[in-house]
Amino acid sequence: MADATAMLQVRDLEAWYGESHVLHGMNIDIRQGEVVTLLGRNGAGKTSTLRAIMGLTGRRTGSIKFEGREMLTLRPDLIARAGIAYCPEERGIFASLDVTENLMLPPVIAPGGLSLEEIYTLFPNLKERARSQGTKLSGGEQQMLAIARILRTGARLLLLDEPSEGLAPVIVQQIGAMIRNIKQRGFTVLLVEQNFRFAQTVADRHYVVEHGRVVDEVANHELTASLDRLHEYLGV
Amino acid sequence: MEDLLFEIQLAMPQVVLGVINGAFYALLSLGLAVIFGMLNVINFAHGAQFTLGAFVAWMLLSWLGVGYWPALILAPLIVGAIGVAMERTMIARLYRIDHLYGLLLTFGCALVIEGLLRNSFGSSGQRYAPPREFAALDLELGDFFLPGYRVWVLIAASTVCLATWLIIEKTKVGSYLRAATERPQLVQAFGINVPLMMTLTYGAGVALAAFAGVLAAPIYSVSPAMGANFIITVFAVVVIGGMGSIAGSIVTGFMLGLIQGITEVFWPEASQTVVFVIMAVVLLTRPAGLFGRA
């Protein structure tokens, strides 16, 4: 779906890590306020897509327009300051920082982020464990912390890499509730997932990624009808 | 009993001397640790930058009449700025390749700086008289006399070490530094200008070395080799403390100075070797260093 009004518009994006060619022409459009997922098998290029948008891969070609501005040539810190926030797959909690320091690390880049009070209301555990070493939190708490810290900054587009990975079902439900909550608050989310049952509970649309490009697009209400197709893509 | 008292009196000067050396080890290894943590570069030019600090203080005094106190601020700023220029023009090009190249480059820089100083000032060494006001700090305990300037060196070095530790462990800027030491890419993806931080960190580490150089100028003769004498021991300190550990480098610096001093009393011939024996033992039993994370 080509859309001139999209908040994020990725066109023919190719990316490399050194010699290895990981993205082969990604095309993505995300409108303001949408939650969109990238579904696909391991190694399909979902994480690389997020990293390429953030400027964290090696050489890139194509175009990444965010609110009409070209991001392809910018350094990662300038991409962040344009209003895109990234939560990596391994969560990226810093061992040498306590919970509060981890939470306050990303600088506020624009007004409109959640206040510390709102964050503590959403994630009471983070207040209780404010002085603990970041990596001493449970996996679920670390994931909450990793998302909470990018809600503070005023970034309008959030890139979340497999927030449900490795977490107990009850925690996955909480993460799902939280994503729906931040969608209501007007955040736009690009979510990488392998678990399409989880993705179904939070997303508006799904892109299926294979071999570094988008091979299919499914609206959330069509997902149940498209299960066979998805099973084939995802091998589940 | 009296024998023991006598022995202690005899030992005091050496032990105090050791602790003062330890203060220099701590300041120098602290800068090395900060630079290694953030840039992953083993800064072999550290000794030469220490020497440069002493020489800049000497030049400020003998050419421009700028005294000790302004030099204590100015020399680190000037040498720190030289460090910033070195990082921007040379070291920054090496981050993507093997550690070894950074080590070779900074070692080359050390040789160049020392060579230039030797060419301009000869190798005999210049005198830098400590300001007279330090006489007020002179310590006399029985037969034991400690010049006021050395008391000042202990105070100044401990204060700067403590302040650096506080900045790194307790401030916002320090949290950026610690985080960027762990995952520079992610910190940059949060909107922090990590390349700029690396430049400033290198400048700050170099300024610490220059500060130590100014402190050392009135004690040791200001000569092109003064840094080289220190730096080998300082690298041993860094290895013993654990590469990149801030508190570790400070504590180990003072501790090894003290151990050297004590060894000087009981077995003078071993005093230069003892640090390396400790380094070997630490490497064999705790390869990450006493304070390092494995």
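Would the stretch A:137-150 turn up any residue that is more than 20 Å from B:GLU182 (Cβ to Cβ), in contact (Cβ under 8 Å) with a residue 24 or more places away in the chain, within 14 Å of another protein chain (Cβ to nearest Cβ) and surrounded by fewer than 23 Cβ atoms within 10 Å (Cβ to Cβ)? So far as the stretch A:137-150 goes, no, none of its residues is more than 20 Å from B:GLU182 (Cβ to Cβ), in contact (Cβ under 8 Å) with a residue 24 or more places away in the chain, within 14 Å of another protein chain (Cβ to nearest Cβ) and surrounded by fewer than 23 Cβ atoms within 10 Å (Cβ to Cβ).
Comparison of A:LEU23, A:LEU39 shows that the only residue that is at pLDDT below 95 and more than 14 Å from chain B (Cβ to nearest Cβ) is A:LEU39.
Picking from B:LEU116, B:LEU77, which residue would you name as being among the aliphatic types (A, V, I, L, M), over 20 Å from the mean Cα position of the chain (by Cα) and within 23 Å of B:ILE231 (Cα to Cα)? Of the residues listed, the single one that is among the aliphatic types (A, V, I, L, M), over 20 Å from the mean Cα position of the chain (by Cα) and within 23 Å of B:ILE231 (Cα to Cα) is B:LEU116. Cβ separations smaller than 6 Å between residues 6+ apart or across chains give the following pairs from the stretch A:80-107 residues that are at the interface with chain B (Cβ under 7 Å from one of its Cβ atoms) to residues that are assigned to a helix (DSSP H, G or I) and surrounded by fewer than 18 Cβ atoms within 10 Å (Cβ to Cβ): A:PHE94/B:GLU182; A:ALA95/A:THR135.
For the subset of the stretch A:108-119 comprising residues that are of a type in the set (A, V, I, L, M, F, W, C) and more than 7 Å from chain B (Cβ to nearest Cβ), which member is nearest to A:GLY186 (Cα to Cα)? Don't jump to the end; show me each part of the working.
Of all residues in the stretch A:108-119, those of a type in the set (A, V, I, L, M, F, W, C) come to A:108-110, A:114, A:116, A:119.
Of the ones still in play, those that are also more than 7 Å from chain B (Cβ to nearest Cβ) are A:108, A:110, A:114, A:116, A:119.
On the way: A:VAL108: 17, A:ALA110: 15, A:LEU114: 11, A:LEU116: 18, A:ILE119: 15 Å.
Within the stretch A:108-119, the match that is nearest to A:GLY186 (Cα to Cα) is A:LEU114.
Filtering the stretch A:120-136 to residues that are within 14 Å of chain B (Cβ to nearest Cβ) and charged (D, E, K, R) leaves only A:ARG131. Against the numbered list (1) crowded, with 23+ Cβ neighbours inside 10 Å; (2) not in a helix (DSSP H, G or I), B:ALA209 comes up short only at (2).
Taking the stretch A:196-220 as the range and being without any contact (Cβ under 8 Å) to a residue 60 or more places away in the chain and in a helix (DSSP H, G or I) as the test, the residues that pass are A:ARG197, A:PHE198, A:GLN200, A:THR201, A:ASN220.
Residue check: is A:ILE79 buried (at least 16 other Cβ atoms within 10 Å of the Cβ), of a type in the set (A, V, I, L, M) and over 15 Å from A:ARG152 (Cβ atoms)? Steps first, answer last, please.
Working: buried (at least 16 other Cβ atoms within 10 Å of the Cβ): yes; of a type in the set (A, V, I, L, M): yes; over 15 Å from A:ARG152 (Cβ atoms): yes.
Considered against the rule, which asks whether it is buried (at least 16 other Cβ atoms within 10 Å of the Cβ), of a type in the set (A, V, I, L, M) and over 15 Å from A:ARG152 (Cβ atoms), A:ILE79 comes out as yes.
Per the conditions (1) touching a residue at least 60 places away in the same chain (Cβ under 8 Å); (2) away from every other protein chain (no Cβ under 14 Å); (3) β-branched (Val, Ile, Thr), the sole criterion not satisfied by A:VAL170 is (1).
Taking the stretch A:10-56 as the range and being crowded, with 22+ Cβ neighbours inside 10 Å and in contact with a Lys or Arg (Cβ under 7 Å, 6 or more places away or on another chain) as the test, the residues that pass are A:LEU13, A:ALA15, A:MET26, A:VAL35, A:LEU38, A:GLY40, A:ALA52, A:GLY55. Total residues in the stretch A:105-139 satisfying the condition of being within 22 Å of the chain's Cα centre (by Cα) and either within 11 Å of A:ARG149 (Cα to Cα) or of a type outside the set (S, T, N, Q) (or both): the figure is 21. Counting only residues that are free of Cβ contacts under 8 Å to residues at least 60 places away in the same chain and under 15 Å from A:ARG11 (Cβ atoms), the stretch A:57-79 holds 12 of them.
Which one of A:THR57, A:THR73, A:THR61, A:THR47 is of a type outside the set (A, V, I, L, M), in a strand (DSSP E or B) and either touching a helix residue (DSSP H, G or I) at 6+ places or on another chain (Cβ under 6 Å) or modelled with pLDDT of 90 or more (or both)? I'd like the intermediate steps shown before the answer.
Details: A:THR57 fails: in a strand (DSSP E or B); A:THR73 fails: in a strand (DSSP E or B); A:THR47 fails: in a strand (DSSP E or B).
Exactly one residue qualifies, and that residue is A:THR61.
Annotation note: of B:PHE230, B:PHE211, B:PHE190, B:PHE235, the sole residue that is within 14 Å of chain A (Cβ to nearest Cβ) and of a type in the set (Phe, Trp, Tyr) is B:PHE190. In this structure, does B:LEU17 turn out to be touching a residue at least 40 places away in the same chain (Cβ under 8 Å) and either buried (at least 23 other Cβ atoms within 10 Å of the Cβ) or among the small types (Gly, Ala, Ser) (or both)? The answer is no for B:LEU17.
The values are calculated or read from the model by the stated rules, or taken from the named source; none is laboratory data. Predicted, not measured: the structure shown is a model, and the values here were computed from it. Every residue, glycine as well, gets a Cβ built from its backbone with ideal geometry; the counts of neighbours run over all protein chains shown.
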